[in-house]
């Protein structure tokens with residue numbers, strides 16, 4: 001049986017993490033530079049649209065996710081980052097849905 005779209009997405013997230021983690025140092029963790037590259041290469045429109053491509057945003061996200069303060073993001077800490085991104089993306093989705101509804105019903 002082929003993978004479902006969600007299963008394929010999960011595999012792609014895992015693959016992406018390891019692809020960028022392998023660039024320098026520990027192959028099981030991301031440095032700040034690896035995280036920046038991962039986000040800017042893989043979610044550039046999202047990062048730009050929400051103003052999240054500012055260096056301070058990614059640095060703060062890294063700092064907040066680095067629970068053990070080792071200056072590396074392990075996969076578990078990466079899941080925290082994904083959670084924040086999905087939450088932001090979900091809010092953006094609702095804003096677009098609301099804007100579409102309001103436009104259709106002349107509510108502006």
- Message: Output the 0 to 90 degree angle, nearest 10, between the alpha-carbon long axis of helix 75-104 and the longest principal axis computed from the alpha carbons of the chain.
- Response: 10 degrees
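Order these peptides, 70-82, 1-13, by their mean beta-carbon neighbour count within 10 angstrom, highest first. The partial results should precede the final answer.
Numbers: 70-82: 16.2, 1-13: 9.7.
Packing proxy ranking, top to bottom: 70-82, 1-13.
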- Linear extension gain, residue 76 paired with residue 23, 0.36 nm per residue minus alpha-carbon span: 17.2 nm
- Item | Overall Cα dimensions of region 5-55, principal axis frame, Å, largest first | 31, 29, 11
- Query: Helix 55-65 versus the longest principal axis of the chain: what angle, 0 to 90°, nearest 10, using Cα atoms?
  - Reply: 70 degrees
- Would you mind checking the tilt of helix 5-21 against the longest principal axis of the Cα atoms of the chain, expressed as 0 to 90 degrees and rounded to 10? 40 degrees
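If R₀ is 22 angstrom, what is the calculated FRET efficiency for the pair residue 7 and residue 97, using the beta carbon separation as r and rounding to 0.05?
Numbers: r = 26 Å, r/R0 = 1.18.
Computed FRET efficiency for residue 7 and residue 97: 0.25.
Using alpha carbons only, what's the Rg to Rh ratio of region 1-92 with Rh from Kirkwood? Can you show the working numbers first?
Values: Rg = 13.2 Å, Rh = 13.7 Å.
Here the Rg-to-Rh quotient is 0.97.
Every read-out reported here was derived from the displayed coordinates using simple, explicitly stated rules and does not represent laboratory data. Bear in mind that the values here come from a model prediction, so they are computed numbers and not experimental data. Methodologically, a virtual Cβ is constructed for each residue, glycine included, from the backbone with ideal geometry; neighbour enumeration extends over all protein chains shown.
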